[in-house]
Structures are given as C-alpha cells and as structure tokens.
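The values are calculated or read from the model by the stated rules, or taken from the named source; none is laboratory data. Values in this document were obtained by computation on a predicted structure and should not be read as measured data. Cβ coordinates were reconstructed from backbone atoms using ideal geometry, including for glycine residues, and neighbour counts include every protein chain displayed.
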Amino acid sequence: MRGHNSRTLRNLRLRVYDLKPTKFVCAAKLLLRENFLFMAPLQEVRGVIKEKTKRISVHSHIKGLGVDHETGTVTDVPHGSDNSCGLVGQVHAREAAAVIVELIKLKKMAGRAILFAGPPCTGKTAIALAISQELGRKVPFCALNGSEVYSSEVKKTEILTEHFRRAIGVRIKEIKEVFEGEVTELAAEEAPMPDPSSGYSRSISRLVVGLKTTKGSKTLRLDPSVHEAVLREQVEVGDVIYIEAVSGSVKRVGRCESYASEFDIEADEYVPLPKGDVHKRREVVQDLTLHEFDVANSRPTQTASDEKDVISLLNQLSRPRKTEITEKLRNEINKMVGHLVEQGTAEVVPGVLFIDEVHMLDLECFTFLNRALESNMAPIVIFSTNRGICTVRGAEMQSPHGIPFDLLDRCMIIRTEPYTRRQIEQILSIRAKAESISMRTLEPVTSEIEGPRQCRKCGHS
C-alpha cells in the first residue's frame with residue numbers, strides 16, 4: 001500500500017464520495033496511482049465471459065417423475081444421464097403421482113385437489129414440480145406459500161384469485177403474413193420539401209429495406225412509421241428480422257451466422273439465414289396467462305390531455321402500487337378468451353398451482369378454495385403440509401393437516417417419507433453437478449450425516 005495504513009485508506013475512500021464529479025476523476029486517478037483500486041487482467045476475465053450464463057434454482061434439475069408409462073413403476077436410470085429425472089427415492093409417492101398425471105390427462109380430476117403430507121425436506125415441492133413437467137414444458141407452474149395471503153393492503157381471496165389465474169395459461173396461435181430475411185440494405189429517404197407541421201425540419205418520406213433468404217431477395221419500401229420500430233430494435237445490415245405485413249411491427253431475431261467470427265467476447269446471438277421466400281405466412285404462438293390479460297386491461301391508457309395535466313400525473317403517483325382487479329373485468333376477460341377458443345385461435349392450458357404450508361390458511365381461504373375448485377377454469381391445485389392433527393385457523397376444531405373435513409374429502413393424499421443417508425448423498429451429488437461444485441467441498445457435510453434424519457426443533461428422530 002506504499003506506506004499507507006488502513007485508516008488512511010478508509011479516510012481517502014470516504015473523502016471520494018464527498019467530491020464533485022469534476023474532482024472525482026482526479027481522485028480516482030490518484031487512487032489508481034496509489035494502487036488502491038485494482039483491475040483484473042484481461043486474461044482472467046476472458047475465461048469468465050466466455051462461459052454461458054445459466055440460471056440455477058433449487059429444483060432446476062427436476063425433469064419429471066421418472067415413472068415408466070407402460071408398467072407404472074419407477075425406472076432406475078443412472079443419475080447424470082440424459083434420461084435422468086432428477087428425483088431420488090420416494091418410490092411410492094412418485095408412482096401415486098404418475099397415476100394422478102394419467103387422471104389429469106384423461107380429464108377426470110375435476111373438482112379435486114392433491115395433498116402431499118410428510119415431514120419437512122422430503123421432496124414435496126420437487127414432486128409437485130415434476131407433475132408439472134410431466135404435463136408439458138409450457139404448462140404454467142405457480143407456487144404460493146400459505147403465509148403470503150395475509151396482507152394489510154389486499155384481501156386474502158384476491159391474492160388466491162390472482163395466483164389461480166397465474167396458473168391458467170392461454171396459448172394463442174395466429175397465422176400472420178410477414179417479411180423475413182437478412183437485412184442487406186437499410187436506408188431512410190428524406191422528403192424533398194420540409195414539413196411545416198414539424199417546424200420545417202427534414203422528414204422521412206419512406207424507408208427502404210432489402211431482405212435476403214436462401215431462396216431469393218426482395219427490396220421493400222415501407223411507411224415512415226416503421227422507421228421508429230427499426231430504430232427501437234437497433235436493426236443494422238446483417239441482422240435477421242421479420243416485419244408483420246398488417247401491423248408493421250419489426251422484430252430482430254439476431255445476427256446472421258455468416259457474420260460470426262472467432263472473437264472471445266461477443267454480445268450478439270447468431271442465427272441461420274431464413275429459408276423459403278421473403279414474403280411468407282408464419283404461425284406465431286404466444287403463451288400468456290389469464291393474470292397477464294387482467295393486468296394489461298386494468299391499466300387505463302393515457303390520452304394526450306392526461307399527459308400534459310399535472311393533476312392527473314400527481315394522482316398516478318399517489319396511487320398505491322398494488323391494486324385489486326375487479327370481478328367485472330375478470331368476467332370480461334373470460335368471455336374474450338372463450339370467444340377466442342370458439343374461433344380456434346386460442347387454447348386454454350390449465351397449469352399447476354402449488355400451495356405450500358397449507359395449514360397456515362384460515363377458514364375463509366378454505367371456503368374460497370372449496371368454491372374455486374368447482375370452477376370450469378380451475379388449475380390443478382396441489383397442497384403441501386407437514387402437520388398432523390391440528391387446529392384449523394379461524395375455527396375451534398381439530399382436523400387432520402389443519403384442513404376442514406369438506407375440503408379434505410376432495411383431496412387425494414400422497415404421503416412422503418424421510419430420506420435415508422444414501423439418498424441424501426445422491427441428492428447432494430446431483431445438486432453439486434447442477435451448480436458446478438466439486439464434491440470435495442461437500443465431504444465435511446456428508447460425513448456429518450449419520451443415521452436417520454432428526455427434527456431440527458426438538459432433536460427427536
């Protein structure tokens with residue numbers, strides 16, 4: 001540190017935050033000269049950036065139940081192979097979940113729910129996610145903890161309704177006429193005479209775009225309004241784009257792979273050259289949820305007068321961030337989605353709603369769930385609890401798992417069992433591989449796992 005102690009370093013750093021922007025640069029140069037700020041060499045950064053970033057969650061390794069569809073039994077597939085489902089143990093629970101998956105596919109689970117009951121850390125959430133994976137990759141999965149419904153701003157039934165609609169997907173299929181290809185020419189032609197409405201400044205008369213595919217090329221002369229969409233997408237020569245013929249919206253797919261190079265640091269995503277003609281009919285599939293429809297229609301559009309009105313701007317700032325969506329709006333959304341389904345342009349995809357710690361709900365929430373399960377647009381509801389016979393919140397009665405008897409009769413209960421030491425070691429091995437962690441760092445953890453699992457609170461086995 002060239003003779004500076006830690007106190008001098010701390011004082012210098014505190015003084016830097018008090019400097020003005022013009023003096024901050026000088027102070028930063030001084031700290032660089034004094035070796036207080038360090039920069040990693042480019043050789044070290046290059047290896048980090050070159051790796052593909054991937055998001056890892058707690059259950060990102062779960063791919064399915066791992067049950068044979070013909071025999072209905074759990075298949076022993078070595079973990080780490082492509083056919084591995086990611087689950088360990090819980091053979092009886094997985095086989096029972098596979099039976100429920102078949103009932104769901106046969107549409108014989110209407111008005112019923114699933115209840116996973118077992119000790120903590122026995123894979124209840126993992127099996128619920130595996131059921132969602134077995135139903136399809138695009139099936140919505142929405143998780144909710146029982147204690148999340150208690151809020152001072154929003155009603156409990158409103159939070160449950162919101163998560164119910166998050167778990168119901170709508171798949172919209174549209175056939176649109178598009179112009180797709182690699183951009184070979186991009187030029188904006190200005191008008192010969194200035195426009196008086198824009199202050200006699202130069203305006204764009206038309207946009208010339210050249211597109212190329214494997215089958216041919218075409219030059220398009222587009223409206224000036226498309227020029228704003230091209231600037232918004234930051235389209236350049238060599239990019240692969242598609243332009244909708246009706247709306248004029250522009251979508252940048254990526255950079256053409258013919259421009260790919262051997263640089264260590266690249267920010268663009270390279271895509272192959274489109275096949276077929278430039279002008280084609282393309283099927284566009286969009287996966288949305290009913291909650292996204294609700295949010296999109298609950299926000300009123302601003303007019304030109306509202307944007308200039310200061311009072312309306314202050315009213316928007318004073319509104320709470322989280323507002324309740326009215327039941328009238330949801331009914332209108334349901335009618336609109338039903339109309340799209342009748343036309344054949346949309347398909348309703350019931351997802352999975354997983355409610356963990358269901359014993360935390362009270363009698364009002366259970367009454368709402370009892371009615372919501374009977375709806376014709378209800379998702380697959382999965383409950384999870386680790387309680388035995390306990391008191392139902394909001395009522396002076398004892399019930400198994402803290403659930404009222406009328407709702408408990410609707411549930412198909414699946415029991416989970418504690419893991420053995422060998423199974424815990426396999427789970428640690430799978431998680432270490434998913435997170436790219438060496439097993440040597442987990443040796444002290446695995447050495448402490450002896451005998452049956454014990455309760456974290458009282459220490460009893």
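Descriptive notes on the structure:
- Top-ranked residue in segment 144-159 [being hydrophobic (A, V, I, L, M, F, W, C) and buried (at least 20 other Cβ atoms within 10 Å of the Cβ); ranked as farthest from GLU342 (Cα to Cα)]: VAL149
- Residues of segment 89-140 satisfying the condition of being among the basic types (Lys, Arg) and without any contact (Cβ under 8 Å) to a residue 24 or more places away in the chain: LYS107, LYS108, ARG137
- Qualifying residue in segment 345-355 (condition: surrounded by fewer than 19 Cβ atoms within 10 Å (Cβ to Cβ), in contact with a helix residue (DSSP H, G or I) (Cβ under 8 Å, 6 or more places away or on another chain) and within 21 Å of ALA167 (Cα to Cα)): yes
- When GLU324, GLU262, GLU283 are checked against the criterion of being within 25 Å of the chain's Cα centre (by Cα), at pLDDT below 85, exposed (fewer than 10 other Cβ atoms within 10 Å of the Cβ) and among the acidic types (Asp, Glu), GLU283 stands alone in meeting it.
- Given (1) free of Cβ contacts under 8 Å to residues at least 40 places away in the same chain; (2) closer than 24 Å to ARG330 by Cα; (3) polar (S, T, N, Q), index of the condition THR157 fails: (1)
- Residue within segment 352-359 that is modelled with pLDDT of 90 or more, of a type in the set (D, E, K, R) and at negative phi present: yes
- Looking only at segment 78-111, and only at residues there that are under 17 Å from ILE424 (Cα atoms) and exposed (fewer than 13 other Cβ atoms within 10 Å of the Cβ), the one that is modelled with the lowest pLDDT: GLY80
- Subset of segment 136-145 [at pLDDT 90 or above and either assigned to a helix (DSSP H, G or I) or of a type in the set (Gly, Ala, Ser) (or both)]: ALA143
- Taking segment 412-430 as the range and being farther than 21 Å from SER57 by Cβ and not in a helix (DSSP H, G or I) as the test, the residues that pass are MET412, ILE413, ILE414, ARG415, GLU417, PRO418, THR420.
- Strands (runs of 3 or more DSSP E) contained entirely in segment 200-252, each with at least 1 residues that are in the same structural domain as VAL183 (by TED's automatic domain parsing) and under 28 Å from the mean Cα position of the chain (by Cα): 239-244
- Pair list, Cβ < 6 Å and 6+ apart or interchain, from segment 383-412 residues that are over 19 Å from ALA97 (Cβ atoms) and aliphatic (A, V, I, L, M) to residues that are at pLDDT 90 or above and surrounded by 15 or more Cβ atoms within 10 Å (Cβ to Cβ): ILE389/PRO400; VAL392/SER399; VAL392/GLY402; VAL392/PRO404; LEU407/PHE366; LEU407/ASN370
- Some residue of segment 388-410 being among the hydroxyl-bearing types (Ser, Thr, Tyr) and surrounded by fewer than 15 Cβ atoms within 10 Å (Cβ to Cβ): yes
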